[in-house]
Each structure stands twice: as structure tokens, then as C-alpha cells.
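A short worksheet on the structure shown next.
Nothing in this text is a laboratory measurement; each read-out follows from the coordinates by a stated rule. Owing to the predicted nature of the structure, the values given are computational and were not obtained by experimental measurement. Please note: Cβ atoms are built from the backbone with ideal geometry, for glycine as well, and neighbour counts cover all protein chains shown.
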Amino acid sequence: MSTQSRIEWTEQTWNPTVGCTKISPGCKNCYAETMARRLKAMGVRGYENGFRLTLMPQRLSEPLERRKPTVYFVNSMSDLFHEKVPFEYIRRVFDVMARARQHTFQVLTKRAERMAEFGRSVEVPANVWLGVSVENRKHGVRASTCCARSRPAYVFCRWSRCSKTSVRLTWLRFIG
Ligand code: SF4
């Protein structure tokens, strides 16, 4: 089920997969993990497996059913490029995004290398923003890896640990 989002840089969330596993220090206080456990405890449909990676093919068509142009954050409760999500399934997600041209899709991952690998075999639709979360100098390397291989790309920069200021979120268009 897609839901209205309280995140300031998006409008709706769409989760064709739910669940994930931790991959970097930035995952320590993962919001999705806390929420997934809570939703499981509440018996919410779709969260029977808690935070275990689960494909949700029944949700694939949701953006196609919405006519109003909308900015979607794809997988607020997961990571589309998680190693347990087959490329064949990711292709189905991209196919929906390509067909739902009225919308803009923000796909954010911490698995830039897998996104780059996938990006070599598909045409990224113009209405899809690919983003990589950059936590610090070390993990920021992933962003350049991604941008060099799949374009157009967007780097989703998040300064929370490497800055004394509060969390700042920015979408940057890759030009190169
Ligand atoms: S990659 Fe994202 S969703 Fe997955 S554990 Fe880390 S913070 Fe959570």
C-alpha cells in the first residue's frame, strides 16, 4: 500500500519490498527496522515477516492506479538493491516506473555497487531519480561509483554524522 509521507522531500511512499539487513554504520538506528517490528506487533498486513526482506509483488501496480502526478519515495521500508532482491524483480519495479510517467520516483540505496551493476542493463527512465545515501567520507565513495556507471543519477547526500548541524537532505543532479 502506498501512503502519504511526512518526509519533506517526497509526497508518497511505495514499498514493493519491505525489510532489509544492515550494511553500514548509518544503519545503526534504522527507522525502517523499528517501524517494521512495530507494524508486525500491530498485525499490519505486509509486515508478517517483520524486518526480514520480503518481496511484495501485490503492490507493484499501485503507482499505475494513481493518476495525480506524485513524487514517490521508493522503498522507505527497505532497500530495492538489497542482494536478496533478484534483478528480475527490480526490472519489474522499473517497468512500472517507466509506465507511470506522470510520477517522479526517488530510489535511494546504500548498495550503490549493485545499483550500478543493474544500471548497466537497463535504460533508466527520465522520471526516476537514483540516489545513494552518503554518510561520511568512507561511505561517500559509493556515490561516485554509482554516478560513474549509471546516469543520469542523483546523489542523495545526508550529512548527519559528519556535520555539527542538524540533518540536511539534498538531491543533487549528477552532471558528467
Ligand atoms: S540500508 Fe536502509 S533500510 Fe536497510 S538497514 Fe540500512 S538504513 Fe535500514
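Observations on the structure shown:
- Stokes-Einstein translational diffusion, segment 12-94 - Kirkwood Rh over all Cα pairs, 1.002 mPa s, 20 °C, in µm²/s: 160 µm²/s
- Over 19 Å between alpha carbons, listed pairs 40/84; 22/110; 40/68; 40/110: 40/84; 40/68; 40/110
- Taking Cβ atoms as reference points and 12 Å as the exclusive limit, the residues near residue 75 contribute a net charge of +2, counting Lys and Arg as +1 and Asp and Glu as -1.
- Net +/- balance of residues flanking residue 19 in space, Cβ distance below 12 Å, scoring K and R +1, D and E -1: +2
- Part-to-part distance (alpha-carbon centres) for segment 112-126 and segment 34-108, which is given in Å: 17 Å
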